[in-house]
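Note sheet for the following structure.
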Amino acid sequence: MIKKQSRVEVRVKKHMKVRNRLSGTAERPRLAVFRSNNHMYAQIIDDTVIDANGNKSGATLVAASTLEKDVKESLAKTNNVEAAAKLGEVIAKKAKDKGITSVVFDRGGFIYQGKIKALADAAREAGLEF
């Protein structure tokens, strides 16, 4: 009998394949997206940072989520397409304030449709290039 992998295992495997192909640099950091059943999270990460032990450890430059008070107050629900679009605008605004204009998009193993696409489109419209 063939055992079917869970959706989480499949997503993590896809994410590892994506992460092997792309990496964020100081000039073009990585915009990583994660969505749970209730919230969405976005981070802009520089993967070239090296920690005290000499290992690569990504440094988070900018972060935003639907858990933040100002974002949550302006939304009716935190887990729909409108919330994802709002989060895309917020992360792009924070990135522009830090001087980041160009990023590499990491969809986190999620299919590029719905909430992930809405976040990406809103970030592009707000001024991020990817």
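Starting from the Cα-Cα distance between Val8 and Glu125, subtract it from 0.36 nm times their residue separation and give me the gain in nm to one decimal. Each step should come with its number before you reach the end.
Details: separation 117, 0.36 × 117 = 42.12 nm, distance 3.04 nm.
Here the answer is 39.1 nm.
Can you put Met1, Met16, Met40 in order, fewest other beta carbons within 10 Å first?
Working: Met1 3, Met16 10, Met40 26.
Ordered by Cβ neighbours within 10 Å, fewest first: Met1, Met16, Met40.
For a quick check: sort Tyr41, Tyr112 by the number of other beta carbons within 10 angstrom, fewest at the front. If you can, show how the numbers build up before the last one.
Working: Tyr41 17, Tyr112 9.
Least to most surrounded, the residues fall as Tyr112, Tyr41.
Express the relative contact order of segment 7-125 as a whole percentage, based on alpha carbon pairs under 8 Å and six or more residues apart in sequence.
Details: 208 pairs, mean separation 36.3, N = 119.
Relative contact order of segment 7-125: 30 percent.
For segment 38-50, in order, what is each residue's ³J(HN,Hα) by Karplus, 6.51 cos²θ - 1.76 cosθ + 1.60 with θ = phi - 60°, in whole Hz (x at glycine and Pro)?
The phi angles translate into 10, 9, 10, 9, 9, 9, 10, 10, 9, 7, 8, 5, 10 Hz.
List the residues whose amide H sits under 5 Å from the amide H of Gly127, counting only those 5 or more places along or on another chain, with H placed 1.01 Å from N in the peptide plane.
So Gly127 has HN proximity to no qualifying residue.
Enumerate the amide H contacts of Val49 below 5 Å, restricted to partners 5 or more residues apart or on another chain; note that Pro and chain-start residues carry no placed amide H.
Answer set, sorted by chain and number: Ser57, Ala59.
Taken together, the values in this text are just the output of simple stated rules run on the coordinates, not laboratory data. No experiment lies behind these values; they were computed from the predicted model shown. Because the Cβ atoms are built from the backbone with ideal geometry, glycine has one as well, and the counts that use them run over all protein chains shown.
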